[in-house]
Amino acid sequence: MKTLTHEQYLALLYSQNVERQDYAVICPMCGTVQSARLLIQAGVAPDFDGVLRYLGFSCVGRFTGKGSPSVEEGKNHGCDWTLGGLLQCHVMVLEDPTGVKRPVFEPATPEQARELAARLGGIYE
């Protein structure tokens, strides 16, 4: 289990060198790389602020009618996983200054973030 502070987690997202709607994370169950832009395009909410509560916590497939991770793994379109359930299958947590830990999806690599952004219409040179 990887434990990071909020600042360390943000540093990993910032290192992707993309706009905030293209910060990318990886579902720990199905491996789908996803971003706020993908959640917005899936109709989860109309803007970044609206999808922020789901980014890194609920897989995009949860909002697009996909099935369980065992069925959807490797298809790169998401699954119905969320970190709010009884099963704890995450690999990363954020620890706040008081010691409270919250599970999160791992950040994607800069290459994965840029590839997803390009696929979704983000323009990066």
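Summary of values
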| item | result |
| --- | --- |
| Selection count where residues are assigned to a strand (DSSP E or B) and more than 10 Å from Gln21 (Cβ to Cβ), scope the stretch 33-62 | 3 |
| Residue, farthest from Tyr23 (Cα to Cα), within the stretch 63-82, restricted to residues that are out of contact with any strand residue (DSSP E or B) (no Cβ under 8 Å at 6 or more places or on another chain) and among the hydrophobic types (A, V, I, L, M, F, W, C) | Val71 |
| Which numbered condition Gln41 fails, given (1) free of Cβ contacts under 8 Å to residues at least 60 places away in the same chain; (2) farther than 23 Å from Glu7 by Cα | (1) |
| Filtered residue count, the stretch 1-29, keeping only those that are under 14 Å from Leu94 (Cβ atoms), in contact (Cβ under 8 Å) with a residue 12 or more places away in the chain and of a type in the set (D, E, K, R) | 1 |
| The stretch 32-67, subset in contact with an Asp or Glu (Cβ under 7 Å, 6 or more places away or on another chain) and either hydroxyl-bearing (Ser, Thr, Tyr) or at pLDDT below 95 (or both), residue surrounded by the most Cβ atoms within 10 Å (Cβ to Cβ) | Ser35 |
| Enumeration of residues in the stretch 68-111 that are hydrophobic (A, V, I, L, M, F, W, C), at pLDDT 90 or above and in a loop (DSSP other than H, G, I, E, B) | Cys79, Trp81, Leu83, Val100, Phe105, Ala108 |
| Filtered residue count, the stretch 1-37, keeping only those that are of a type in the set (Gly, Ala, Ser) and closer than 25 Å to Glu72 by Cα | 4 |
| Residue count for the stretch 70-97, restricted to those that are exposed (fewer than 14 other Cβ atoms within 10 Å of the Cβ) and under 24 Å from Leu10 (Cβ atoms) | 6 |
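Residues are listed down the side, and each one gets a yes or a no for (1) more than 16 Å from Pro103 (Cβ to Cβ); (2) under 13 Å from the mean Cα position of the chain (by Cα):
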position	(1), (2)
Thr3	no, no
Gln8	no, no
Gln21	yes, yes
Met29	no, yes
Thr32	yes, yes
Arg37	yes, yes
Val44	yes, no
Cys59	no, yes
Gly65	yes, no
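The values are calculated or read from the model by the stated rules, or taken from the named source; none is laboratory data. Worth saying up front: this structure is predicted, and the values here are computed from it rather than measured. Note: ideal-geometry Cβ built from the backbone for every residue, glycine included; neighbour counts use all protein chains shown.
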